[in-house]
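Notes for the one structure printed next.
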Amino acid sequence: MTTGLKQPSNSYLQLIASFPPRPIANEAEYRATQAQINKILERPNLTKGDRAYLNILGLTIYDYEEQQEKLPVLTGANLINALLEESNLTIEDLVPVLGSETLAREILNGERTVTPDCALKLSLFFIISGERFLQ
């Protein structure tokens, strides 16, 4: 017994022919793909083929947005603050790592830079590269 894909409906094939899904390469193609999605979503009753086609277009939108989104690279105090927040930790949790609350506060407030020794301790605590803490 063989299994495989069912023959796509004519309406699905018409959608593919009228606006073939493809990787999005630029902003104009991105807007055109969004417009195509909106056009189909305006229909009163979506068919199974409509939903499958929308799924494919949605994936191309997602891929393009992932490629375009530039996440900031955090270093030093900004990175430490972000890691504390993400881990639900407080400055007090850094005292055993850095040796004093004063040092931790000064680093987090940008009054002192992270030394290589502190970067090593922080890297072991947060389990990321120590280089990320050095500015």
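The values are calculated or read from the model by the stated rules, or taken from the named source; none is laboratory data. Given the structure is predicted, the values throughout are model-derived calculations rather than measurements. Accessible surface is based on the protein model in full, side chains and every heavy atom, while ligands, DNA and RNA are left aside. Shrake-Rupley method; radii C 1.70, N 1.55, O 1.52, S 1.80 Å.
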- Once both axes come from the Cα atoms, what is the angle between helix 76-86 and the longest principal axis of the chain, in degrees from 0 to 90, rounded to 10? 60
- Message: I'd like the carbon and sulfur percentage of the solvent accessible area for the chain, probe radius 1.4 Å, heavy atoms only, ligands and nucleic acids excluded.
- Response: 54
- Task: Compute the whole-percent fraction of alpha carbon pairs in the chain spaced more than 20 Å apart.
- Result: 61
- Query: Could you name the lysines in cross-link range of residue 121, using Cα to Cα under 30 Å and dropping any fewer than eight places away on the same chain?
  - Reply: 70
- So what is the relative contact order of the chain, in percent, for Cα pairs below 8 Å that sit 6 or more residues apart? 20
- For residue 128 and residue 35, calculate 0.36 nm times their separation in residues minus their Cα-Cα distance, and state this gained length in nm to one decimal. 29.3 nm
- Message: List the lysines whose Cα sits under 21 Å from the Cα of residue 6, skipping any in the same chain fewer than 8 residues away.
- Response: 48
- Query: For region 19-76, what is the accessible area per residue in Å², given a 1.4 Å probe and the full set of protein chains?
  - Reply: 70
- For the chain, what is the calculated [θ] at 222 nm in deg cm²/dmol (nearest 500), taking -39500 (n - 2.57) for each run of four or more DSSP H residues and dividing by its residue count? -18000 deg cm²/dmol
- In degrees, nearest 10, range 0 to 90: what is the angle between the Cα axis of helix 27-41 and the longest Cα principal axis of the chain? 60
- Shape call, region 79-122: gyration tensor on alpha carbons, a/c limit 1.5: rounded
